[in-house]
Amino acid sequence: MRVVILGSGRGSNAEAILQAQCDHRLGSAQVVKLFSDQPAAGLLALGARFGVETAFIDPAPFKTKLEGPGEDRFIEAIQATGADLVVLAGFMRVLKPKFLSTFAGKMINLHPSLLPSFPGLDGIGQAFRRGVKVTGCTVHYVTQEVDGGPILDQAAVRVEPGETIETLADKVHAAEHDLLPAVIARLSAQSKI
Ligand code: GAR
């Protein structure tokens, strides 16, 4: 199963996936390329460390959504890899119907809350401010509904007394780093994609 990872930020989840691959915990999945819409994304620096190709793709002309020429560039670049699975690991752009339909059924997203609670931006902060006692992370198929596709798996994190948003974020990220590689390994074993 050929996997491409899209991310906009530090890339800790891409790193967890690549580390799982090194440790033979990724089943038959193989990461073939990392893409970012941000030229300075930490994710792009992982390529040299793990021996995987990386590329910045210009998302222009829009600032927060992927549509038009930028969307076409992403679609072409992903299709050129022969990817079986597209993993959104902190890819912070609103996706539009053309991109979504091109990769329907073979694109998954990681979200830092127990969906359907706290979709959208800052899932960790939303949960913390709401005062929930349990939050976590979710991996789901990407559909037209933002953060609304079928859930593949979740991991729960308890919010302890005295927790700060920083300590909670660390715990959610640690849970993500276990969950996302495990889901990818399971998908590769099930040959669902
Ligand atoms: C992760 O916490 C992921 O759940 C979140 O971005 C972070 C990326 O971190 N994604 C979303 O909020 C999507 N709505 P990373 O760059 O260190 O992997």
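The values are calculated or read from the model by the stated rules, or taken from the named source; none is laboratory data. Owing to the predicted nature of the structure, the values given are computational and were not obtained by experimental measurement. When we count neighbours, we look across all protein chains shown, and the Cβ atoms used for this are built from the backbone with ideal geometry, even at glycine. SASA here: full protein model, heavy atoms, side chains in, ligands and nucleic acids out. Shrake-Rupley method; radii C 1.70, N 1.55, O 1.52, S 1.80 Å.
The residue of the range 27-59 that is most open to solvent (accessible area, probe 1.4 Å), among those that are aliphatic (A, V, I, L, M), over 15 Å from PHE91 (Cα atoms) and more than 16 Å from the ligand (Cβ to nearest atom), is ALA48. Just so you know, in the range 133-179 the residues that are assigned to a loop (DSSP other than H, G, I, E, B) and on the phi > 0 side of the Ramachandran plot include one that is farthest from the ligand (Cβ to nearest atom), and it is GLY162.
Which residues, counting only those in the range 60-96, are within 16 Å of the ligand (Cβ to nearest atom), touching a helix residue (DSSP H, G or I) at 6+ places or on another chain (Cβ under 9 Å) and without any contact (Cβ under 8 Å) to a residue 60 or more places away in the chain? Across the range 60-96, the qualifying residues are LYS65, LEU66, LEU95, LYS96.
Inspection of the range 60-83 identifies no residue that is surrounded by 15 or more Cβ atoms within 10 Å (Cβ to Cβ), under 14 Å from the mean Cα position of the chain (by Cα) and closer than 26 Å to GLN154 by Cβ. The set of residues in the range 157-193 being among the acidic types (Asp, Glu) and under 15 Å from ILE17 (Cβ atoms) consists of GLU176, ASP178. Picking from residues in the range 7-26 that are open to solvent by 40 Å² or more (accessible area, probe 1.4 Å) and not charged (D, E, K, R), the one that is farthest from the ligand (Cβ to nearest atom) is HIS24. ARG2 satisfies every condition listed in (1) open to solvent by 60 Å² or more (accessible area, probe 1.4 Å); (2) among the charged types (D, E, K, R); (3) within 13 Å of the ligand (Cβ to nearest atom) except (3).
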